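Colleague: Below you will find the structure I want to go over with you.
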Amino acid sequence: MSERERRRWRLQGRAAVGVPLVCLFLVLALVGPWFAPYAPRAIDLAHELEGPSRAHLLGTADNGVDVLSVLLTGARTAGLVAVSTVLISFVVGSLLGAVSGYSGGKTDLVLSRITDAVQAMPSLVINVALLALIARPGFGHMIAALSATGWVAYARVSRAEVLRLRDREFVTAARALGASSSRILFKHVLPNAVGPLIVQATFGLGGAVLAEASLSFLGLGPGAGASWGALLDQGTAYLLRAPRLALVSGGAIAVTVLGFNLTGDWLRDALDPKEQ
Amino acid sequence: MRYLGYLLRRTLGGALTVLAVVSACFLVLEALPGDPTDTILGETATAEDRAQLRRALRLDQPFATRFAQFILDLIVPARGMGHSLRQPARSAASMIADVWPNTITLAVSSALVAWAIAIPLALLAASRPRTKTDAAVGVASLVGVAIPSLWLGPLLILAFCVAVPALPFPGPDAKGPLSLVLPSLTLGVGMAGILTRMGRASLRETLREPFVTAARARGLSEPAVLVKHALRAAMVPLLTTGGAQLASLLGGAIITEKIFDRPGLGTLLLQSLTARDIPVVLACVVVIAATAVLVQLMVDVAYVLVDPRIRLS
């Protein structure tokens, strides 16, 4: 790595805030529930909506549920939904986009029309519609609903990248050497298109955390486990009696989304030397 | 007159898009597993009630008839886009008409808030690149983008209705322009963050163009160069994003409607979905899709108005 490159990847400014936040979130999602002092649904009716105390560091919510435990378990829910959604959307979207851009013609036309149609409606409306039709939505349903709208962003990025790359000299060279279409696509074109896709995925993780919270806030979340959005739903209902609930849960969502956005910005600048 | 043909073609195309979207929804709802009378009435309903509901839903008729009736419901004004199943006396159109003014005032006022914040900030940052002002605007817009309306809404209520009780506490009783302030801010701030970032980038690019140098060479003052020449040309990407934002707001700001306990199109759609009130769901989808198409058309016309280099075709 040259000095110049090292400077480009240095964690300073926005990245010095964003990257630690993302790491903190991922660690909490991984181990958070193990450190939860109570079960996220343990009911304690004698201590409902109480302020912070030694037994409940962040106080209690409706039915005496421990807020800290909900936050720690909710991190797992957010992380699980976000990572799965982004993985599925990334793979499906980049493949469809790459095929669309590389083959052109009718395939491209049909796939572009589908992406346009999905983008014509606000994605939250589509997600809400898909989940509201299911009697008891679970994790799988939530991930499927979010992926149903999520893949489009990756398809657009990967299509644009493939269109940009497909007539470059190194691709023509590979074709002249007799490489098959799939070999050209997977070995030559896609590896060069990975940067913008990773940037998109970073923003996508933040977006999926927010989407999970929004859907849970609307009461469409997975019934099992705990969610920051569901806690925020209680928080707005008890805004006068226990403003702490809304502040803490909304704060967790906001800080996580901010972390992913800052990291995405940093990655975009670092991966694109033109911006320097 | 030159644009009449263009507008006609676009309107027709838009109508076809809306038709395609609702037909797809109709098919999806049709393909859902389970007997709709079970989900609507519950499993304990009497056979008589079921038969009546099946007639109301036209489930006793073949698919083609049902689809034709559905399309007629939508286009014949007297049919009011079909009848609600939850409130059989009411037409879907009248239920939408109830919430539509709320949705449109909130969407328009939020967009106004967003543009009123974004344009001055973008001009400020782009005219002073690489200064502290530029950096401060950058940080502010990032925070604006990252703060979800989910959180900003409750924060604003706590600040301006509880800590400093300057504005009415949200609820069904809160009416009048003052009750619109906080919901518009909640939605506007996030949109402003995105518009500011785009506006700054677009302006920076435009300021390097020869016509800006030419305007400066003619001795125009810097504010005139910025606003009359650079801003106009930099508007195109902003209009695209602003249009998408407006369409999405008109599609129903479900979250903000819930936080501020305001009726609106999003809430109506969610309630109708949960109650399996299919005629109202489909009517909402038609309105949302038609609005999106209409806003897109307005944006395309606006391109020509702000940037004389663009032609409609």
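Residue-by-condition table, conditions (1) away from chain A (no Cβ under 12 Å); (2) under 24 Å from B:L269 (Cα atoms):
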site	(1), (2)
B:G5	yes, no
B:L27	yes, yes
B:A31	no, yes
B:D60	yes, no
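Colleague: Taking B:L269 as the residue in question, decide whether it is buried (at least 23 other Cβ atoms within 10 Å of the Cβ), within 28 Å of the chain's Cα centre (by Cα) and within 14 Å of chain A (Cβ to nearest Cβ). I'd like the intermediate steps shown before the answer.
Modeller: Numbers: buried (at least 23 other Cβ atoms within 10 Å of the Cβ): yes; within 28 Å of the chain's Cα centre (by Cα): yes; within 14 Å of chain A (Cβ to nearest Cβ): yes.
So B:L269 fits the description; yes.
Colleague: Does B:L8 qualify as being surrounded by fewer than 12 Cβ atoms within 10 Å (Cβ to Cβ) and not in a loop (DSSP other than H, G, I, E, B)? Explain how you work it out, then say what you get.
Modeller: Values: surrounded by fewer than 12 Cβ atoms within 10 Å (Cβ to Cβ): yes; not in a loop (DSSP other than H, G, I, E, B): yes.
In short, yes.
Colleague: Can you tell me which of A:V110, A:V31 is in a helix (DSSP H, G or I), open to solvent by 60 Å² or more (accessible area, probe 1.4 Å) and among the aliphatic types (A, V, I, L, M)?
Modeller: On the way: A:V31 fails: open to solvent by 60 Å² or more (accessible area, probe 1.4 Å).
Just one listed residue meets the conditions, A:V110.
Colleague: Taking the conditions exactly as written (within 13 Å of the chain's Cα centre (by Cα), open to solvent by less than 30 Å² (accessible area, probe 1.4 Å), within 14 Å of chain B (Cβ to nearest Cβ) and not β-branched (V, I, T)), does A:A78 satisfy them or not?
Modeller: On the way: within 13 Å of the chain's Cα centre (by Cα): yes; open to solvent by less than 30 Å² (accessible area, probe 1.4 Å): yes; within 14 Å of chain B (Cβ to nearest Cβ): yes; not β-branched (V, I, T): yes.
In short, yes.
Colleague: As an exercise: evaluate B:T213 against (1) free of Cβ contacts under 8 Å to residues at least 40 places away in the same chain; (2) of a type in the set (S, T, N, Q); (3) within 13 Å of chain A (Cβ to nearest Cβ) and give the number of the one condition it does not meet.
Modeller: (3)
Colleague: Moving to a separate point now. Out of A:T77, A:T85, A:T73, I need the residue that is in contact (Cβ under 8 Å) with a residue 24 or more places away in the chain, closer than 30 Å to A:N192 by Cβ and of a type in the set (V, I, T). Which one? Give the steps one after another, and end with the answer.
Modeller: On the way: A:T77 fails: closer than 30 Å to A:N192 by Cβ; A:T73 fails: closer than 30 Å to A:N192 by Cβ.
Being in contact (Cβ under 8 Å) with a residue 24 or more places away in the chain, closer than 30 Å to A:N192 by Cβ and of a type in the set (V, I, T) holds for just one of A:T77, A:T85, A:T73, which is A:T85.
Colleague: Looking at B:A89, B:A114, B:A78, which is the one that is open to solvent by 70 Å² or more (accessible area, probe 1.4 Å), over 17 Å from B:F26 (Cβ atoms) and not in a loop (DSSP other than H, G, I, E, B)?
Modeller: On the way: B:A89 fails: not in a loop (DSSP other than H, G, I, E, B); B:A114 fails: open to solvent by 70 Å² or more (accessible area, probe 1.4 Å).
Being open to solvent by 70 Å² or more (accessible area, probe 1.4 Å), over 17 Å from B:F26 (Cβ atoms) and not in a loop (DSSP other than H, G, I, E, B) holds for just one of B:A89, B:A114, B:A78, which is B:A78.
Colleague: Hey, another quick one. Across the range A:56-83, which residue is modelled with the lowest pLDDT among those that are polar (S, T, N, Q) and assigned to a helix (DSSP H, G or I)?
Modeller: From the range A:56-83, those polar (S, T, N, Q) are A:60, A:63, A:69, A:73, A:77; that's our starting set.
With the extra rule that they be assigned to a helix (DSSP H, G or I), the set shrinks to A:63, A:69, A:73, A:77.
Details: A:N63: 74, A:S69: 85, A:T73: 88, A:T77: 90.
Only one residue tops the list, namely A:N63.
Colleague: Mind checking whether some residue in the range B:257-265 is under 12 Å from the mean Cα position of the chain (by Cα), more than 9 Å from chain A (Cβ to nearest Cβ) and farther than 24 Å from B:G171 by Cβ?
Modeller: no
Colleague: Then there's this: Return the residue satisfying two criteria in turn: it lies in the range A:107-131 and is in contact with a Ser or Thr (Cβ under 7 Å, 6 or more places away or on another chain) and not hydrophobic (A, V, I, L, M, F, W, C), and of such residues it is nearest to the other protein chains (Cβ to nearest Cβ).
Modeller: A:P122
Colleague: Take the conditions surrounded by 21 or more Cβ atoms within 10 Å (Cβ to Cβ) and closer than 30 Å to A:L49 by Cβ and apply them to A:A237. Does it pass? Don't jump to the end; show me each part of the working.
Modeller: Details: surrounded by 21 or more Cβ atoms within 10 Å (Cβ to Cβ): no; closer than 30 Å to A:L49 by Cβ: yes.
Against the criterion (surrounded by 21 or more Cβ atoms within 10 Å (Cβ to Cβ) and closer than 30 Å to A:L49 by Cβ), A:A237 does not qualify.
Colleague: Just checking, does the range B:55-64 include any residue being touching a strand residue (DSSP E or B) at 6+ places or on another chain (Cβ under 9 Å) and either open to solvent by 70 Å² or more (accessible area, probe 1.4 Å) or of a type outside the set (S, T, N, Q) (or both)? I'd like the intermediate steps shown before the answer.
Modeller: Just the residues of the range B:55-64 that are touching a strand residue (DSSP E or B) at 6+ places or on another chain (Cβ under 9 Å), to begin with: B:56.
Now narrow it down to the ones that are either open to solvent by 70 Å² or more (accessible area, probe 1.4 Å) or of a type outside the set (S, T, N, Q) (or both): B:56.
Yes: one or more hits.
Colleague: Something else now. I need the full set of residues from the range B:272-287 which are out of contact with any Pro (no Cβ under 8 Å at 6 or more places or on another chain) and either within 13 Å of chain A (Cβ to nearest Cβ) or surrounded by fewer than 17 Cβ atoms within 10 Å (Cβ to Cβ) (or both), in order please.
Modeller: B:S272, B:L273, B:T274, B:A275, B:D277, B:V280, B:V281, B:L282, B:C284, B:V285, B:V286, B:V287
Colleague: Looking at the range A:204-253, which of its residues are hydroxyl-bearing (S, T, Y) and facing chain B (nearest Cβ under 7 Å)? Talk me through it step by step, then tell me what you get.
Modeller: Taking the range A:204-253 as the starting set, the residues that turn out to be hydroxyl-bearing (S, T, Y) are A:214, A:216, A:227, A:236, A:238, A:249.
Within the range A:204-253, A:S214, A:T236 qualify.
Colleague: Give the residues of the range B:152-174 that are open to solvent by 60 Å² or more (accessible area, probe 1.4 Å), outside any helix (DSSP H, G or I) and facing another protein chain (nearest Cβ under 10 Å), sorted by residue number.
Modeller: B:F169
Colleague: Among the helices (runs of 4 or more DSSP H) lying completely within the range B:175-262, list those that include at least 3 residues that are surrounded by fewer than 20 Cβ atoms within 10 Å (Cβ to Cβ).
Modeller: B:178-206, B:210-217, B:232-250
Colleague: Filter the range B:228-256 down to the residues that are among the basic types (K, R) and within 9 Å of chain A (Cβ to nearest Cβ) and list them by number.
Modeller: Listed by number, the list is empty, since nothing qualifies.
Colleague: Now for a different question. Within the range A:34-55, how many residues turn out to be part of a loop (DSSP other than H, G, I, E, B) and aromatic (F, W, Y)?
Modeller: 1
Colleague: With the condition kept exactly as written, say whether any residue in the range A:257-273 is more than 10 Å from chain B (Cβ to nearest Cβ), surrounded by 20 or more Cβ atoms within 10 Å (Cβ to Cβ) and more than 26 Å from B:G144 (Cβ to Cβ). Give the steps one after another, and end with the answer.
Modeller: From the range A:257-273, those more than 10 Å from chain B (Cβ to nearest Cβ) are A:263-264, A:266-273; that's our starting set.
Imposing the further condition that a residue be surrounded by 20 or more Cβ atoms within 10 Å (Cβ to Cβ) reduces the set to A:263-264, A:266-267.
From what is left, the residues that are more than 26 Å from B:G144 (Cβ to Cβ) are none.
Within the range A:257-273, not a single residue is more than 10 Å from chain B (Cβ to nearest Cβ), surrounded by 20 or more Cβ atoms within 10 Å (Cβ to Cβ) and more than 26 Å from B:G144 (Cβ to Cβ).
Colleague: What's the total number of residues in the range A:145-175 that are free of Cβ contacts under 8 Å to residues at least 40 places away in the same chain and away from chain B (no Cβ under 14 Å)?
Modeller: Final tally of qualifying residues: 11.
Colleague: From the list A:L96, A:L49, A:L26, which residue is touching a residue at least 40 places away in the same chain (Cβ under 8 Å) and on the phi > 0 side of the Ramachandran plot? Show your work before the answer.
Modeller: Working: A:L96 fails: on the phi > 0 side of the Ramachandran plot; A:L26 fails: on the phi > 0 side of the Ramachandran plot.
When all the criteria are applied, what remains is A:L49.
The values are calculated or read from the model by the stated rules, or taken from the named source; none is laboratory data. Values in this document were obtained by computation on a predicted structure and should not be read as measured data. Note: ideal-geometry Cβ built from the backbone for every residue, glycine included; neighbour counts use all protein chains shown. SASA here: full protein model, heavy atoms, side chains in, ligands and nucleic acids out. Shrake-Rupley method; radii C 1.70, N 1.55, O 1.52, S 1.80 Å.
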